[in-house]
Amino acid sequence: QQIGATAFDHDTLVKQTLSMQKSFPLDVKLPGLLMIDTPGHESFSNLRSRGSALCNAAVLVIDLMHGLEPQTIESLNMLIKGKTPFVIALNKIDRLYGWKSTPDGPIQESLALQDDNTISEFKDRCDHVKLQLNELGHNVSLYWDNKENDFLDIIPIVPTSAHTGEGVPDL
């Protein structure tokens, strides 16, 4: 296990966010992003600590199917302690029963294509993760439900699929 890094240049960021322009007009002013990926296994606390100390902003990945795990809570506490701004990627939506993928698409468009049973399972699993976070004292919501755009007091959750790329433009 190691800390990994991936660089995204400005043009890549613009291309990846084009599908979001309809609902959230963006002016990408960043020269690029450097994504630092730390190991998720429980025994790699020191590497996660180093990774969280290096970042200006973070994406905390939570598995939709499993919810909070000890190392997720540890990472969450590191981000809070370091006052690092972060967003939650609620990952593995493609694992929901009956999920119909729209590769690299905005998550709300993907959700609109799902059957009622799939949407119901999504809501149940999402509500479970939100409850777990609330029980730890964190105010969270799906980012599109935050009408006041209060991202300082309400931690945004962005459903994603690392496998299909759904939700990545939203992120």
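Any residue in the stretch 161-170 that is in a helix (DSSP H, G or I), at pLDDT below 95 and under 18 Å from residue 16 (Cβ atoms)?
no
Identify all residues within the stretch 146-170 that are without any contact (Cβ under 8 Å) to a residue 60 or more places away in the chain, open to solvent by less than 80 Å² (accessible area, probe 1.4 Å) and among the acidic types (Asp, Glu); write none if there are none.
150
Inspect all residues belonging to the stretch 97-118 and state whether any of them is open to solvent by less than 80 Å² (accessible area, probe 1.4 Å), assigned to a strand (DSSP E or B) and β-branched (Val, Ile, Thr).
No; the residues of the stretch 97-118 include none that is open to solvent by less than 80 Å² (accessible area, probe 1.4 Å), assigned to a strand (DSSP E or B) and β-branched (Val, Ile, Thr).
Among the strands (runs of 3 or more DSSP E) confined wholly to the stretch 1-86, which include 2 or more residues that are within 17 Å of residue 158 (Cβ to Cβ) and at pLDDT 85 or above? Before the answer, list the steps.
Working: elements: 4-9, 32-37, 58-63.
In the stretch 1-86, 58-63 are the strands (runs of 3 or more DSSP E) which contain 2 or more residues that are within 17 Å of residue 158 (Cβ to Cβ) and at pLDDT 85 or above.
Could you tell me how many of the residues in the stretch 69-104 are of a type outside the set (A, V, I, L, M) and either in contact with a strand residue (DSSP E or B) (Cβ under 7 Å, 6 or more places away or on another chain) or at positive phi (or both)?
Qualifying residue count, the stretch 69-104: 9.
Restricting attention to the stretch 113-150, which residues are among the hydrophobic types (A, V, I, L, M, F, W, C), under 19 Å from residue 59 (Cα atoms) and in contact with a strand residue (DSSP E or B) (Cβ under 8 Å, 6 or more places away or on another chain)?
Answer for the stretch 113-150, where residues must be among the hydrophobic types (A, V, I, L, M, F, W, C), under 19 Å from residue 59 (Cα atoms) and in contact with a strand residue (DSSP E or B) (Cβ under 8 Å, 6 or more places away or on another chain): 126, 129, 133, 140, 142.
Looking only at the stretch 119-138, count how many residues are over 16 Å from residue 91 (Cα atoms), open to solvent by less than 70 Å² (accessible area, probe 1.4 Å) and part of a helix (DSSP H, G or I). Write out each step before concluding.
The initial filter retains those residues of the stretch 119-138 that are over 16 Å from residue 91 (Cα atoms), namely 120, 131, 134-138.
Next cut, open to solvent by less than 70 Å² (accessible area, probe 1.4 Å) only: 120, 137-138.
With the extra rule that they be part of a helix (DSSP H, G or I), the set shrinks to 120.
Count: 1.
Any idea which of (1) in contact with a helix residue (DSSP H, G or I) (Cβ under 8 Å, 6 or more places away or on another chain); (2) assigned to a strand (DSSP E or B); (3) touching a residue at least 60 places away in the same chain (Cβ under 8 Å) is the one residue 141 doesn't satisfy?
Here residue 141 clears every test but (3).
The values are calculated or read from the model by the stated rules, or taken from the named source; none is laboratory data. Just so it is clear, the structure is predicted and the values come from calculations on it, not from any experiment. Backbone-built Cβ (ideal geometry, glycine too); neighbour counts: all protein chains shown. Keep in mind that these areas ignore ligands, DNA and RNA; they rest on the heavy atoms of the full protein, side chains included. Shrake-Rupley method; radii C 1.70, N 1.55, O 1.52, S 1.80 Å.
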